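Undergrad: Okay, handing you the structure first.
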Amino acid sequence: MLLALCLIATGVLLRQADRAHFSSRRPHAADAAQLIALQRGRANNWSPALLMAGQWIQIAGYWLLAGHGLLGAAVAAAGVAVQFRHLQEISHHAVHGVLARTRRANLFLAEAGAHLPLGLVPVAVRRRRHVRDHHPNATLANDPNLAELAAAGLRPGISCGRFALALLYPLTVAGVGATASGLTAGLRPHPVRCAALALVPAAAYCLTGEWAAVLAGVLVPRLLLYPLLAWWSLLVEHTWWDSEHRSGTPAEVEAGRCMRLYPRSRVLAALAAATWLPYGDLHHYAHSAHPGLRWDYLPALERHLPRPHFTPRGLFTGQASVVRRHRAALGRAARRTVET
């Protein structure tokens, strides 16, 4: 138990090197040009490497914790799922070329630190889907993310029961099948990627000698909990079915199709940023307006920008929650279809 806690603490401390390097003398609010200049002046390859290493050291600590009864296994499963979600977002910034200083370092850190061990698609494929296909087309008919939501059943005319089930889609039989299919599709032609994915449960067992570490520390997080966290993060990125298509600056365009969750609650915002909306994902509006900006500077940019058109106080509850708005938007879309 003590070694597990020491590893988790060590991983957290290692991650702070990157935070301290990029956040020192950061302005409270500033425009994109000023922040990008600051970011370029501090760009390096060593602190992102420590950041990635810290994430995996934390994961190793949770693996050791998994063998300490049901409570330890539950904490480990949740902790590893959160770390997998963090790795996804760190690699997202590498896809945009702003995690490290050089293109080679961004590619290596994203592949070795996240995509290979998690069984994600190659970085080049993700870059094409995300940077080229999603960002310019967010909420439009050719947005691949909108197609992903539709594949889970989130379409105009969906019933209340199916809508509720879609909110937990990664935990359903169809959702688990989609997760497994995604892993298989990305790994089938690449023996190296298969070996890298297999190395993770092997490392968990070799480190702990416990099958609990493989089950609670790898399989449950990767197949169930991490996909659920990533799914919820997708739901709160945009007002998918009732965006306001605006013209003007990038910020003005994105203000009409993005949302900002928990704008008035520092506690809920901090909890989300530490768990399921990490590394700037809580500030997706600012990221959409200026994708070339690292997560460290998104809060300062967000304070400089006008608010997006939807600032929900909650994900599931409240009159202005994300779930209520999505449900109402799908209902209105179904009525428009019938009328036409």
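The values are calculated or read from the model by the stated rules, or taken from the named source; none is laboratory data. This structure is a prediction, so every number in the text was calculated from the model and none was measured. When we count neighbours, we look across all protein chains shown, and the Cβ atoms used for this are built from the backbone with ideal geometry, even at glycine.
Undergrad: Scan segment 14-25 for residues that are within 16 Å of TYR279 (Cα to Cα) and surrounded by fewer than 16 Cβ atoms within 10 Å (Cβ to Cβ) and jot them down.
TA: Correct list: GLN16, ARG19, ALA20, SER23.
Undergrad: Just give me the residues in segment 151-173 being without any contact (Cβ under 8 Å) to a residue 40 or more places away in the chain and either of a type in the set (Ser, Thr, Tyr) or on the phi > 0 side of the Ramachandran plot (or both), in sequence order.
TA: If the condition is that a residue be without any contact (Cβ under 8 Å) to a residue 40 or more places away in the chain and either of a type in the set (Ser, Thr, Tyr) or on the phi > 0 side of the Ramachandran plot (or both), then GLY153, SER159, THR172 are the ones that fit.
Undergrad: Sticking with this structure for a sec: Can you pull out every residue in segment 65-76 that is assigned to a helix (DSSP H, G or I) and surrounded by fewer than 23 Cβ atoms within 10 Å (Cβ to Cβ)?
TA: Matches in segment 65-76: GLY69, LEU70, LEU71, GLY72, ALA73, ALA74, VAL75.
Undergrad: Now, a different point. From the list GLY280, GLY292, which residue is surrounded by 21 or more Cβ atoms within 10 Å (Cβ to Cβ), touching a His at 6+ places or on another chain (Cβ under 7 Å) and not charged (D, E, K, R)?
TA: After applying the criteria, what remains is GLY280.
Undergrad: Tell me whether segment 144-153 contains one or more residues that are in a loop (DSSP other than H, G, I, E, B) and closer than 15 Å to TRP240 by Cβ.
TA: Taking every residue of segment 144-153 in turn, at least one turns out to be in a loop (DSSP other than H, G, I, E, B) and closer than 15 Å to TRP240 by Cβ.
Undergrad: Also: Looking at GLY182 and the list (1) over 17 Å from the mean Cα position of the chain (by Cα); (2) at pLDDT below 95; (3) in a helix (DSSP H, G or I), which single condition is not satisfied?
TA: (1)
Undergrad: Something else now. Mind checking which residues of segment 123-155 are among the β-branched types (Val, Ile, Thr) and under 24 Å from ASN106 (Cβ atoms)?
TA: Hits for segment 123-155 are VAL123, VAL125, VAL131.
Undergrad: Within the set of pairs 6 or more residues apart or between chains, which connect a residue that is within 16 Å of TYR205 (Cα to Cα) and of a type in the set (A, V, I, L, M, F, W, C) inside segment 52-74 to a residue that is modelled with pLDDT under 95 and outside any helix (DSSP H, G or I) with Cβ atoms less than 9 Å apart?
TA: Cβ pairs passing all conditions: TRP63/GLU210; LEU64/MET1; LEU64/GLU210; LEU65/MET1; ALA66/GLU210; ALA73/GLY67.
Undergrad: Hey, PRO189 hits all of (1) part of a helix (DSSP H, G or I); (2) at pLDDT below 95; (3) out of contact with any helix residue (DSSP H, G or I) (no Cβ under 9 Å at 6 or more places or on another chain) but one; which does it fall short on?
TA: (1)
Undergrad: Where residues in segment 219-260 are over 22 Å from ALA141 (Cα atoms), over 11 Å from the mean Cα position of the chain (by Cα) and not charged (D, E, K, R), which of them is surrounded by the fewest Cβ atoms within 10 Å (Cβ to Cβ)?
TA: LEU219
Undergrad: Which one of these is within 20 Å of ARG25 (Cα to Cα) and assigned to a loop (DSSP other than H, G, I, E, B): LEU298, LEU293?
TA: Matching residue, one of LEU298, LEU293: LEU293.
Undergrad: Right, another one. Run down ASP133, ASP143 and say which single residue is among the charged types (D, E, K, R) and in contact with a Phe, Trp or Tyr (Cβ under 9 Å, 6 or more places away or on another chain).
TA: Selected residue: ASP143, the only one of ASP133, ASP143 that is among the charged types (D, E, K, R) and in contact with a Phe, Trp or Tyr (Cβ under 9 Å, 6 or more places away or on another chain).
Undergrad: Kindly indicate whether any position in segment 121-139 is of a type in the set (S, T, N, Q), without any contact (Cβ under 8 Å) to a residue 60 or more places away in the chain, surrounded by fewer than 21 Cβ atoms within 10 Å (Cβ to Cβ) and assigned to a helix (DSSP H, G or I).
TA: yes
Undergrad: For segment 173-213, name all the residues that are closer than 30 Å to HIS68 by Cβ and not hydrophobic (A, V, I, L, M, F, W, C).
TA: Listed by number, the residues that qualify are GLY175, THR179, PRO201, TYR205, THR208, GLY209, GLU210.
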